[in-house]
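Presented below is the structure to which this report refers.
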Amino acid sequence: MGSWDIRPEALHAVLADVAADGQSMMMAAEDAAASGEEATNAFGTASDVAAAFGRFWAPRKDVGSRAAGALFHKAGVAAETAQLYLAADGEMADAASTATAGLTVGAGPGHARWSGGSAAPVLAPFLSGRGFGAAVLP
């Protein structure tokens, strides 16, 4: 089983860099859209050429803004996912602490007894040589 480590300060720094790059991308996209509109109007009396360029440019003028928006959205999803992992990790650690609080170690290796009552199982020694994991005894 692999391990992972989320360092919030490092993740925050990366996401801040992504947001800054996204902002630069958005400004460049707005400039490109404005330049395309200016180019459409720069053909003077060549109205057929201006119309052709306008038809070419119309579906492309928002591509940069959509790409920047996708970048912002993906960064937000990454931040939200990291927060969920951190919260779940804390919940799992709390649950593990609570679950093991009632266990006491027995006399032999691999033995543990539940001190919370008779309803909980007693774990048998680990039988790794035979391919078995911990077995529950009645």
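The values are calculated or read from the model by the stated rules, or taken from the named source; none is laboratory data. A quick note: this is a predicted structure, and the numbers were derived from the prediction, not measured. Using ideal geometry, Cβ is built from the backbone for each residue, glycine included, and neighbour counts are taken over all protein chains shown.
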Matching residues, segment 24-56, being over 24 Å from Phe72 (Cβ atoms) and in contact with a helix residue (DSSP H, G or I) (Cβ under 6 Å, 6 or more places away or on another chain): Thr40, Phe43, Val49, Ala50, Phe53, Gly54
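Table: residues versus (1) exposed (fewer than 11 other Cβ atoms within 10 Å of the Cβ); (2) assigned to a helix (DSSP H, G or I); (3) of a type in the set (D, E, K, R); (4) in contact (Cβ under 8 Å) with a residue 60 or more places away in the chain.
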| site | (1), (2), (3), (4) |
| --- | --- |
| Asp5 | yes, no, yes, no |
| His12 | no, yes, no, no |
| Asp17 | no, yes, yes, no |
| Ala28 | no, yes, no, no |
| Ala39 | no, yes, no, no |
| Ser65 | no, yes, no, no |
| Ala75 | no, yes, no, yes |
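Does Thr104 satisfy being assigned to a strand (DSSP E or B) and either modelled with pLDDT under 75 or on the phi > 0 side of the Ramachandran plot (or both)? Explain how you work it out, then say what you get.
Numbers: assigned to a strand (DSSP E or B): yes; either modelled with pLDDT under 75 or on the phi > 0 side of the Ramachandran plot (or both): yes.
For Thr104, the condition - assigned to a strand (DSSP E or B) and either modelled with pLDDT under 75 or on the phi > 0 side of the Ramachandran plot (or both) - is met.
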Qualifying residue in segment 42-51 (condition: within 30 Å of Ala19 (Cβ to Cβ) and at pLDDT 85 or above): no
